[in-house]
Amino acid sequence: MVTRTATASLATDVGAYRTSLRAYLRNGDALDRWRGKHYASTEHRIADHAALMEHLYKDGWNRYGWPAEVGGLDGDERHRAVLYDELSAAGLPVPDPHLMLETLGPPVVHFAPDLAARYLPEYLRGENWWGQGFSEPEAGSDLAGLRCRARREGDHYVLSGQKLWTSHGATASRFVCLVRTGAPESRHRGLSMIMVDADAPSVSVRPIALASGYQDLAEVFFDDVVVPTDRLIGEEGQGWAVAMYLLQWERAMYAWLCSAVALRRFRELLGQVAGTSLPDGAATRIGECYGDIIALRARSAQTVRRLAAGETVGPEASVDKVLLATAEISVHDLARDLLGTDFVFGAGADTGDWRADWWFSRSTTILGGSAEVQRTILADHVLGLPKEPRA
């Protein structure tokens, strides 16, 4: 456990934090239960990962990088990046709830510090986690066109509508939802962000079974759900600004987290096929895959440093998203090619997890904003390229 005396030092010295965390993760057998685990379902995996979060919280390690006012131990985004790196280097999973924590935590801390102080500590302890309710059946990439409505009545809102592809929707305790509080024609100016309890009356959750066999996503229906006004994240009508602020972390911290996991999986794959007969061209494929992961990490490291320095990261963060999708697909395609028939017919952690994760990797060019949309953002807002002529 980190002593109170050491806490202040580790919060200001990222190198010392890394060294101490590395020693902790490699000392003793308390963490071995999470190494090399295979999970039969999303529910089992996320519950076990939540137990890992509780373990890390008890000894303080996953509290660094979050302000003390909301249950953290101070530090900045670099501390969180180091946590994901060192967990992966030690052969441990990055807990699934951290995926949404990196996307939703920073905007809640920034725009709704009272909500963050109330709910972030229990999130870090693994007691609950949040789902992201943005996409709708007719509003995916075009969030300004969403129709899920929140109507204000005194000291509460009445929420009606549907969310689709809700990340962690099947297991989340709360949803952070982008909803319409203005007129439909107001587009992005009429949006607000609000936090809704998953077990509130008239909330219905329908898990979506994916090709991987897991249920990481869900449809969520709101049928006149009553939500207190103090659950707003930011002001009414400020939802678009909150969403744009959120994208910095979804592009940067999420990308770094995934790059750390991809590097661990890459190392595991090489260990798995060591001493076996590999297909022709395997060395080239391995090198290309490693290059894809390192390109992502090089770019993402720069973005994380900018966030830690308090800079605003704009549309250029779409580069991180494109590189993330490339690396995710690359490492899972490499597993498919190197494992051969075991990839198709194998079971358990050695091959079954690779196959399930390969299915999910197919979505990485779509989720969080499609690759085509990201390239258009880069062309229009970063490179300033001329628009294509309309037919």
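The values are calculated or read from the model by the stated rules, or taken from the named source; none is laboratory data. Quantities reported herein were computed from a predicted structural model and do not represent experimental measurements. Positions of Cβ are generated from backbone atoms using ideal geometry, with glycine treated the same way; all protein chains shown enter the neighbour counts. Each accessible area value is taken on the protein alone, full model and side chains, heavy atoms only, with ligands, DNA and RNA left out. Shrake-Rupley method; radii C 1.70, N 1.55, O 1.52, S 1.80 Å.
Think of each Lys and Arg Cβ as +1 and each Asp and Glu Cβ as -1; about the Cα centre, that makes the dipole of the chain roughly 480 debye. Quick note on region 57-119: its Rg to Rh ratio, both from C-alpha atoms and Rh being the Kirkwood radius, is 0.97.
Computed from backbone phi with θ = phi - 60° and the Karplus coefficients 6.51, -1.76 and 1.60, the 3J(HN,Hα) list for region 293-305 is 5, 5, 4, 4, 5, 5, 5, 5, 4, 5, 5, 4, 4 Hz; x is used for glycine and proline.
Over the chain, average the accessible area per residue using a 1.4 Å probe and give it in Å², no decimals. Intermediate values should be presented prior to the final figure.
On the way: 17200 Å² over 391 residues.
Value returned for the chain: 44 Å² of accessible area per residue.
Once both axes come from the Cα atoms, what is the angle between helix 239-251 and the longest principal axis of the chain, in degrees from 0 to 90, rounded to 10? Helix 239-251 sits at roughly 0 degrees to that axis.
Given the chain, what percent of its DSSP beta bridges are antiparallel, to the nearest 5? Working shown, then result.
On the way: 32 of 37 bridges.
Beta bridges within the chain, antiparallel portion: roughly 85 percent.
R0 = 25 Å: FRET efficiency of ASP230 with ARG151, Cβ-based, nearest 0.05?
Values: r = 17 Å, r/R0 = 0.67.
Once the sixth-power term is evaluated, E becomes 0.90.
Each part gets one Cα centre, and for region 244-281 versus region 12-80 those centres are 19 Å apart. Placing dummy labels 7 Å off each Cα toward the beta-carbon, the span from ALA30 to GLU372 is 5.1 nm.
Quote the relative contact order of region 136-247 in percent (integer), defining contacts as alpha-carbon pairs under 8 Å separated by 6+ residues. All intermediate terms of the calculation are to be shown ahead of the outcome.
On the way: 247 pairs, mean separation 33.5, N = 112.
For region 136-247, the relative contact order is 30 percent.
Share of carbon and sulfur in the accessible area of the chain stands at 53%, probe radius 1.4 Å. The length gained by stretching the chain between SER9 and GLU288 to full extension, at 0.36 nm per residue less their Cα-Cα distance, is 96.5 nm. Relative contact order of the chain: 14 percent, from C-alpha pairs under 8 Å at least 6 residues apart in sequence. Modelled spin labels at GLU388 and VAL158, positioned 7 Å past Cα toward Cβ, are 4.5 nm from each other. Amide hydrogen proximity for ILE233: with H placed 1.01 Å from N in the peptide plane, the residues at 5 or more positions away or on another chain lying under 5 Å are MET193, ILE194, MET195. Using 0.36 nm per residue and subtracting the Cα-Cα separation, the extra length available between ILE208 and HIS381 on full extension is 58.8 nm. Think of region 269-391 as a dipole: +1 on every Lys or Arg Cβ, -1 on every Asp or Glu Cβ, centred on the Cα centre; then among ILE294, LEU269, PHE360, ILE294 lies furthest on the positive end.
With contributions of -39500 (n - 2.57) from each DSSP H run of at least four residues, the per-residue ellipticity at 222 nm computed over the chain stands at -15000 deg cm²/dmol. Largest GNM mean-square fluctuation among ARG206, ARG35, ARG265, using the chain with Cα springs under 10 Å: ARG35. For the residues PRO315, PRO228, PRO279, a GNM of the chain with alpha-carbon springs under 10 Å puts the largest fluctuation on PRO279. The residues ILE293, ILE366, sorted by heavy-atom accessible surface at 1.4 Å with ligands and nucleic acids left out, run ILE366, ILE293 from largest to smallest. Of the residues MET244, MET195, MET53, the one that moves most in a GNM of the chain with alpha-carbon contacts below 10 Å is MET244. Label reach from HIS110 (point 7 Å along Cα→C-beta): in region 374-391, amide nitrogens under 20 Å belong to 374, 377-378, 381-382.
Highest mean first, what order results for 44-51, 172-179 on Cβ atoms within 10 Å?
For the peptides 44-51, 172-179, the packing ranking is 172-179, 44-51.
Could you give the angle, 0 to 90 degrees to the nearest 10, between helix 42-58's Cα long axis and the longest principal axis of the Cα atoms of the chain? Result, in degrees: 90.
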